[in-house]
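One structure is given here, and the rest of the page talks about it.
Derivation of every value follows stated rules applied to the coordinates shown; laboratory data play no part. These figures come from a predicted structure and were not determined experimentally. Cβ atoms come from the backbone with ideal geometry, glycine included; neighbour counts cover every protein chain shown.
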Amino acid sequence: MNAVVHSFPAAGVSLTELSPGTRLSLRLRAEGRGAAGAAFGLVLPARIGATAAGTLWRAVCLGPDEWQIDGAAGAVIPAMPAGVPHALVDISDREVTWRLEGPRVIELLSIGIARDVRRIAPGAGCRTAFDTVQVVLLREGETAFTLSCWRSFAPHVGELLEIGLRELASGV
């Protein structure tokens, strides 16, 4: 169940904290990418920032040997192929994820992200910093993003997002 954290219609952005799903961190060498991807029913992307989706899982490449793999809450984690050296860690409870959506979403994100968020193509993602906090940002569509950070930093990031929403709503 998703719960709207704050809604300021005049801000032009909605902010929704998403219910936790299954989130995995996968590290492996390039030669194991095909077999590992097949276990998840998708082709693990090779380019940093690229995403791929299968029926049950979605992966984003965060580094040359690192992927974040997301699935529904309680999803059964597939067995990795024998002989593929890897590290697969369930990080489902580590992070909080928000969905930010609306015509002014890029303005809202710019309060904490120094990079030009407009240059992230829909369907792509990256690891970046939001006011010095490491986050994973995925562009879900032209005016929709998800932003995830470690649970311990969530109050700080959430407060900054709320301040940004109030500023946008006030016309500042």
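What is the list of residues in the range 123-142 whose amide nitrogen lies under 18 Å from a point 7 angstrom out from the Cα of VAL43, following Cα to Cβ? It comes to 123-125, nothing else.
So how do 131-138, 64-71 stack up, highest first, on mean other-Cβ count within 10 Å? Can you show the working numbers first?
Values: 131-138: 17.5, 64-71: 19.2.
Order by mean packing, descending: 64-71, 131-138.
Packing around the peptides 99-108, 118-127, taken as the average count of other Cβ atoms within 10 Å per residue, puts them in this order, highest first: 99-108, 118-127.
Which translational diffusion coefficient, to the nearest whole µm²/s, is obtained for the range 22-90 from the Stokes-Einstein equation, given a Kirkwood hydrodynamic radius over C-alpha pairs, 25 °C and 0.890 mPa s?
Numbers: Rh = 11.7 Å.
Here the translational diffusion coefficient equals 211 µm²/s.
Full extension of the chain between ARG94 and ALA35 yields a length gain of 18.6 nm, computed as 0.36 nm times the residue separation minus the alpha carbon distance.
Computed on the Cα atoms alone, the convex hull of the chain gives a volume of 107 cubic angstrom per residue. Phi-derived couplings, Karplus 6.51 cos²θ - 1.76 cosθ + 1.60 at θ = phi - 60°, listed residue by residue for the range 30-45: 4, 5, x, 4, x, 5, 5, x, 4, 4, 9, x, 8, 9, 4, x Hz, with x used for Gly and Pro.
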